[in-house]
Structures are given as structure tokens and as C-alpha cells.
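Inspection log for the structure reproduced underneath, given as C-alpha cells.
The values are calculated or read from the model by the stated rules, or taken from the named source; none is laboratory data. Since the model is a prediction, treat every value here as computed from it, not as a measurement. With ideal geometry, Cβ positions are generated from the backbone for all residues, glycine too; neighbour counts draw on all protein chains shown.
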């Protein structure tokens, strides 16, 4: 159930625990429009946060690639023995410092991006579901959003059945000619 004043999804009850406003189930057209606009505004905010997470993912990947390149460059030849062609890791070299900094920044950015993308994807799914429910039902009561995997599997199953029906219809059409 959504509070019309603070536009937050709250538990069922008489009053909103956040603002103390009495909760209403049925919506007039103006209230419905106002609530849906507020939810779309929240959706835009979470989409911006999702974009921030995707940017962090890309930057993290770039920093990791740079870090691995500089790490491979931090291996130097032993200058004391010209006959020995083995390479040794030089932790005091500039390349190693750049590699360590790039790998740490890239790893943190990648983890931050993954967490942000997962959290914002869930919030966007919930908001999209709630907007659709409010538009259809004209009430502030919304069902709980389903889990992603069962929804995807159900949609996939429907698409496969539709594709099989289309192929069967095409076969019948060809055999009728």
C-alpha cells in the first residue's frame, strides 16, 4: 500500500508510519496521476543510479586491464647477468606501483558497480511492477513483486510454445499446398 503524501510503499494499516497521514485504498484520477508521476520520478532516480553502477563496471574493467598490462611490464631482466634471460618482478619499479594502484581501484570499482547494478535492477523491477499495478487497479494496494528467475522462465516457456505453434502452422500451410 502506498502513502499518497510521502509516496512510499508502507505496510498495511490505518496511518503511514513515516508521515502519519491516513492511508487510502481507492484512488481518484488526480491522486492516481500524482502517485504514478511520483513513482516515475523515483524510477528515473534509480535508473540514474543504475547508470552510475554500469559506469563503475566499465571503469573498473578498464582499470583492471591497465593494471594487468602494467603488472606484466613490471617484470625486468636481470641486468647483473647478461647470459640469464629470466625476468624478475621488480616491486620498486614505477610500473609495479601503477599496476598495484590500477588493480586496486579497478577491483573496488568493479565490485561497487556489480553491487549497484544488482540493487538498482531490483528496485527498478519493483517500481515498474507497482506502476503497472496502480494503473490497472486504481488502488494503492500492490501485490508483491515476483522473483526474477521464475518470471524469466515463464516468459521463455510462453515464447517457446508460441514459436512451436508458428512452426506447426507453417508446416500445415506447406503441406496443404
In region 89-104, residue modelled with the highest pLDDT [restricted to those that are exposed (fewer than 12 other Cβ atoms within 10 Å of the Cβ) and under 30 Å from residue 57 (Cβ atoms)]: 94
Flag for residue 89 being more than 30 Å from residue 26 (Cα to Cα), touching a residue at least 40 places away in the same chain (Cβ under 8 Å) and touching a helix residue (DSSP H, G or I) at 6+ places or on another chain (Cβ under 8 Å): no
Verdict on residue 111 being surrounded by 13 or more Cβ atoms within 10 Å (Cβ to Cβ) and farther than 30 Å from residue 16 by Cα: yes
Test result for residue 107, at pLDDT 80 or above, closer than 26 Å to residue 69 by Cβ, within 15 Å of the chain's Cα centre (by Cα) and part of a helix (DSSP H, G or I): no
Selection within region 139-171 - touching a residue at least 24 places away in the same chain (Cβ under 8 Å) and in contact with a helix residue (DSSP H, G or I) (Cβ under 6 Å, 6 or more places away or on another chain): 142
Answer from 24, 45 - the residue that is in a helix (DSSP H, G or I) and either at pLDDT 70 or above or farther than 30 Å from residue 116 by Cα (or both): 45
Residue match in region 117-138 (condition: under 30 Å from residue 33 (Cβ atoms), assigned to a loop (DSSP other than H, G, I, E, B) and at pLDDT below 85): yes
Among the candidates 167, 157, residue that is exposed (fewer than 11 other Cβ atoms within 10 Å of the Cβ) and modelled with pLDDT of 90 or more: 167
Sole exception among (1) exposed (fewer than 13 other Cβ atoms within 10 Å of the Cβ); (2) modelled with pLDDT of 90 or more for residue 86, by number: (2)
Qualifying residue in region 68-75 (condition: exposed (fewer than 13 other Cβ atoms within 10 Å of the Cβ), at pLDDT below 95, over 23 Å from the mean Cα position of the chain (by Cα) and not in a helix (DSSP H, G or I)): no
